[in-house]
1. Here is a list: LEU50, LEU79. Which entry is hydrophobic (A, V, I, L, M, F, W, C) and over 23 Å from PRO107 (Cβ atoms)?
2. How many residues are of a type in the set (Ser, Thr, Tyr), within 17 Å of LEU30 (Cα to Cα) and buried (at least 18 other Cβ atoms within 10 Å of the Cβ) when one looks only at the stretch 97-119?
3. From ILE57, ILE62, grab the single residue that is out of contact with any Leu (no Cβ under 9 Å at 6 or more places or on another chain) and either in a helix (DSSP H, G or I) or in contact (Cβ under 8 Å) with a residue 40 or more places away in the chain (or both).
4. Restricting attention to the stretch 69-119, which residues are of a type in the set (Ser, Thr, Tyr) and either under 22 Å from ASN19 (Cα atoms) or not in a strand (DSSP E or B) (or both)?
5. What is the residue count in the stretch 26-49 for residues that are part of a helix (DSSP H, G or I), farther than 14 Å from GLN116 by Cα and in contact with a helix residue (DSSP H, G or I) (Cβ under 6 Å, 6 or more places away or on another chain)?
6. Output the residues belonging to the stretch 72-96 that are without any contact (Cβ under 8 Å) to a residue 40 or more places away in the chain, more than 17 Å from PRO117 (Cα to Cα) and surrounded by 13 or more Cβ atoms within 10 Å (Cβ to Cβ).
7. Which of the residues that make up the stretch 67-114 are at pLDDT 95 or above, hydrophobic (A, V, I, L, M, F, W, C) and under 14 Å from the mean Cα position of the chain (by Cα)?
8. Would you confirm, using the coordinates I've provided, whether ASN68 is free of Cβ contacts under 8 Å to residues at least 40 places away in the same chain and either loosely packed, with under 15 Cβ neighbours inside 10 Å or aliphatic (A, V, I, L, M) (or both)?
Amino acid sequence: MTFQSNPLTGDLIALKNENAIARSVKNIVLTVPGEKPFDPRFGSRITDLLFENVDEITAINIETEIRNSIERYEPRVKLTSVRAQADIDGNSFDVTLVYDIIGADIPAQQLEFVLQPTR
């Protein structure tokens with residue numbers, strides 16, 4: 001995450017609309033349950049899955065976990081597709097999410113990121 005400041009006031013720039021929702025979706029996926037105070041179930045168990053074998057079965061489990069967590073915690077979006085592709089050589093998963101923002105007359109949004117285990 002990068003924080004940008006307003007050059008005139010020095011205040012942090014707030015994310016709006018599509019950018020705020022994209023950041024929220026990614027935060028839901030990358031937050032480990034128990035990290036958020038007062039909501040111990042918030043987040044996803046993705047980090048547990050990253051230490052499993054890098055194969056198609058784990059990719060399917062990652063897709064399911066992402067879908068469940070976003071549907072549970074982000075009511076502003078409707079997922080169109082979730083795709084996790086195993087990168088065996090890189091020991092990672094390439095994730096692509098496509099979603100529609102509910103109530104906004106804009107095209108479907110696509111969010112891509114790489115999941116890899118960190119120790």
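The values are calculated or read from the model by the stated rules, or taken from the named source; none is laboratory data. Keep in mind it's a predicted model, so treat the numbers as computed, not measured. Because the Cβ atoms are built from the backbone with ideal geometry, glycine has one as well, and the counts that use them run over all protein chains shown.
1. Going through LEU50, LEU79 in turn, the sole match is LEU50.
2. Restricting attention to the stretch 97-119, the residues satisfying the condition of being of a type in the set (Ser, Thr, Tyr) are 99, 118.
Then keep just the ones that are within 17 Å of LEU30 (Cα to Cα); that gives 118.
Still in the running and buried (at least 18 other Cβ atoms within 10 Å of the Cβ): none.
Total meeting the criteria: 0.
3. Just a single option satisfies the conditions, and that option is ILE57.
4. Across the stretch 69-119, the qualifying residues are SER69, TYR73, THR80, SER81, THR96, TYR99, THR118.
5. Count: 1.
6. ARG72, LYS78, LEU79, VAL82, ARG83, THR96
7. ILE70, LEU79, VAL82, ALA84, PHE93, VAL95, LEU97, VAL98, LEU111, PHE113, VAL114
8. Numbers: free of Cβ contacts under 8 Å to residues at least 40 places away in the same chain: yes; either loosely packed, with under 15 Cβ neighbours inside 10 Å or aliphatic (A, V, I, L, M) (or both): yes.
Considered against the rule, which asks whether it is free of Cβ contacts under 8 Å to residues at least 40 places away in the same chain and either loosely packed, with under 15 Cβ neighbours inside 10 Å or aliphatic (A, V, I, L, M) (or both), ASN68 comes out as yes.
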